[in-house]
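What follows is a short report on a single structure.
The values are calculated or read from the model by the stated rules, or taken from the named source; none is laboratory data. None of these values were measured; they are calculated from a predicted model. A quick note on method: Cβ atoms are made from the backbone with ideal geometry, for glycine too, and the neighbour counts reach across all protein chains shown.
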Amino acid sequence: MRSALMLCTFSSFQDAVVFKFTNFICESYNKSFIVFNNCRLKAINRNKVILNMIATILHMANIITIHCRIFKKANGFKPWIIDRTVDICRFMRTGYDPYLKIVFGLFHDFSNMNHTCPYVGHQILKDFYLRPELLGLLLPTGDYLLSLHWIFGKNTVDTNVSFSFVEDLLKSK
């Protein structure tokens, strides 16, 4: 009985949350190393937007670092909570970073980037949509920007994802 009540409460909470993409920008600064073949959002309905990305890594990448920052919109985007640099090859072997583990948990079901280094060829993120039940932490209502600056030796790539998180707790009752 108790688990049914918790499931009902969780389900009604999920109905009260809007967690969706609002913008996606990909930029390669060395197109002889990485090329973005596809980088776009597609609206499915009012509360669901899917993200599709195909990047081609033209040369084998064994050393990959990512500088991850989250910004919250408040009279422009302001730094908020996370500003970290993570070794992706080490992370894919050990999962040592708790913040990146949350981000990776959101998209790993939609991607072929689920292996350790080296990376080469097509890196695909297909029909990825945000699911609040996988977030694992509560965010204040607002608009956010996840800025990912990828460093492949001397080559860099930026992927910036904007999203909206709105919880209407009045709907959950």
Scan the range 73-82 residue by residue and report those that are assigned to a strand (DSSP E or B) and surrounded by fewer than 17 Cβ atoms within 10 Å (Cβ to Cβ). K73, K78, P79, I81, I82
Based on this model, can you work out whether H67 counts as touching a Ser or Thr at 6+ places or on another chain (Cβ under 6 Å) and surrounded by 15 or more Cβ atoms within 10 Å (Cβ to Cβ)? yes
Within the range 40-68, track down each residue that is touching a Lys or Arg at 6+ places or on another chain (Cβ under 7 Å), over 30 Å from P118 (Cα atoms) and outside any loop (DSSP other than H, G, I, E, B). K48, V49
What do you reckon, is S28 surrounded by fewer than 15 Cβ atoms within 10 Å (Cβ to Cβ), more than 25 Å from G142 (Cα to Cα) and either at pLDDT 95 or above or of a type in the set (S, T, N, Q) (or both)? no
Can you find a residue that is under 30 Å from K31 (Cβ atoms), assigned to a loop (DSSP other than H, G, I, E, B) and among the charged types (D, E, K, R) anywhere in the range 123-145? no
Filter the range 85-111 down to residues that are surrounded by fewer than 13 Cβ atoms within 10 Å (Cβ to Cβ) and not in a helix (DSSP H, G or I), then give me how many there are. 3
Yes/no for H149 being within 13 Å of I64 (Cβ to Cβ), in a loop (DSSP other than H, G, I, E, B) and not small (G, A, S): no
Determine the pairs where a residue that is closer than 28 Å to P118 by Cβ and without any contact (Cβ under 8 Å) to a residue 12 or more places away in the chain, located within the range 69-90, has a partner that is part of a loop (DSSP other than H, G, I, E, B) and among the aromatic types (F, W, Y) with Cβ atoms under 9 Å apart, the partner being 6 or more residues away or on another chain. R90/Y96
Kindly indicate whether any position in the range 78-87 is modelled with pLDDT of 95 or more, in contact with a Phe, Trp or Tyr (Cβ under 9 Å, 6 or more places away or on another chain) and not acidic (D, E). yes
Of all residues in the range 152-173, which are at pLDDT 85 or above and in a loop (DSSP other than H, G, I, E, B)? G153, K154
Would you confirm whether or not the range 133-141 contains a residue that is surrounded by 15 or more Cβ atoms within 10 Å (Cβ to Cβ) and of a type in the set (D, E, K, R)? no
